[in-house]
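The structure appears below as structure tokens.
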Amino acid sequence: MIDLYYWGTPNGHKITIALEEMGLEYQIFPINILENDQFQPDFLNISPNNKIPAIVDQNGPRGEPISVFESGAILQYLGRKTGLFYPTDEQERVEVEQWLMWQMGGFGPMLGQNHHFNKFASERIPYAIDRYVNETKRLYSVLNKQLIGQKFVAGEYSIADMAILPWALRYEWQGIQLEDYPYVKDYIERLTARPAVQKALSIKVG
Ligand SMILES: N[C@@H](CCC(=O)N[C@@H](CS)C(=O)NCC(=O)O)C(=O)O
């Protein structure tokens, strides 16, 4: 059994998608980040950076519980644990990892700043909006180009796709017209047609 500390955000969705795709048994512990649950000492023991998602795998590699925070590290852990969606061939693994890190370092943090300044900030700051919308557009162009002639971002369907999809689903918040990125549009349609993805995205927590 895997305990998932979760709220229904893009970083949370990555892990429910992976757990559903991998057929792992899990239970959700809601961490309401709007009410500062993420700062509770018990949660900080698991996730010292005070952010969701985090997991505790009751059956860790040494037969004891293990906790993991940071969505990229969780995806890699689950991929290694199950041997699914995370190739063992080194060349294929590097391919997946570079796109996973591309998401973790860019197509997440930059889009998060975009959401903040473009949608949630009480003050409209044109410089900040332009900066993050432009960076978002650059990242969508990179993804669009990578998807020319291939269904998934790095070979077969992988944890890298599970990391990217939830952020691309928020394109309307980001000043993105999907028609400008036709391969990303097809990619979103392809991935959201998967039953496991639909099940994960239908979970209503947060
Ligand atoms: N790099 C982290 C980012 C996680 C993250 O930003 N989580 C947000 C929700 S999507 C959060 O918990 N925010 C609460 C806070 O910042 O206090 C990861 O990928 O796991």
**Study point:** Solvent exposure ordering (accessible area, 1.4 Å, most first) of Lys137, Lys145
**Key:** Lys145, Lys137
Review point. Where both partners of a DSSP beta bridge lie in the chain, what percent of those bridges are antiparallel, to the nearest 5?
Key: 60
Exercise for review: Tell me what the chain gives for mean residue ellipticity at 222 nm when only DSSP H runs of n ≥ 4 count, each as -39,500 (n - 2.57), the sum divided by the residue total, rounded to 500 deg cm²/dmol.
Suggested key: -15500 deg cm²/dmol
Practice item. Using a/c under 1.5 as the rounded threshold, could you call the stretch 72-206 rounded, prolate or oblate? The axes a ≥ b ≥ c are square roots of the C-alpha gyration tensor eigenvalues, and prolate needs a/b larger than b/c, oblate otherwise. Key: prolate
Check your understanding: In a GNM of the chain with a 10 Å cut-off on Cα contacts, which of Val133, Val142, Val96 has the highest mean-square fluctuation?
Key -> Val142
Exercise for review: Please list 31-41, 78-88, 186-196 highest first by mean number of surrounding beta-carbon atoms within 10 Å per residue.
Suggested key: 78-88, 186-196, 31-41
Point to revise | Surface accessible to a 1.4 Å probe, Glu156 within the full protein complex, Å² | key: 140
Practice item. Take every DSSP beta bridge with both residues inside the stretch 2-85 and express the antiparallel ones as a percent of the total, to the nearest 5. Key: 60
Point to revise | Those lysines that a straight Cα-Cα span of less than 18 Å connects to Lys204, excepting residues fewer than 8 apart in one chain | key: Lys14
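The values are calculated or read from the model by the stated rules, or taken from the named source; none is laboratory data. Please read all numbers here as calculations on a predicted model, not as lab measurements. Methodologically, a virtual Cβ is constructed for each residue, glycine included, from the backbone with ideal geometry; neighbour enumeration extends over all protein chains shown. Just so you know, the surface numbers come from the protein's heavy atoms only, side chains and all, with ligands and any DNA or RNA stripped out. Shrake-Rupley method; radii C 1.70, N 1.55, O 1.52, S 1.80 Å.
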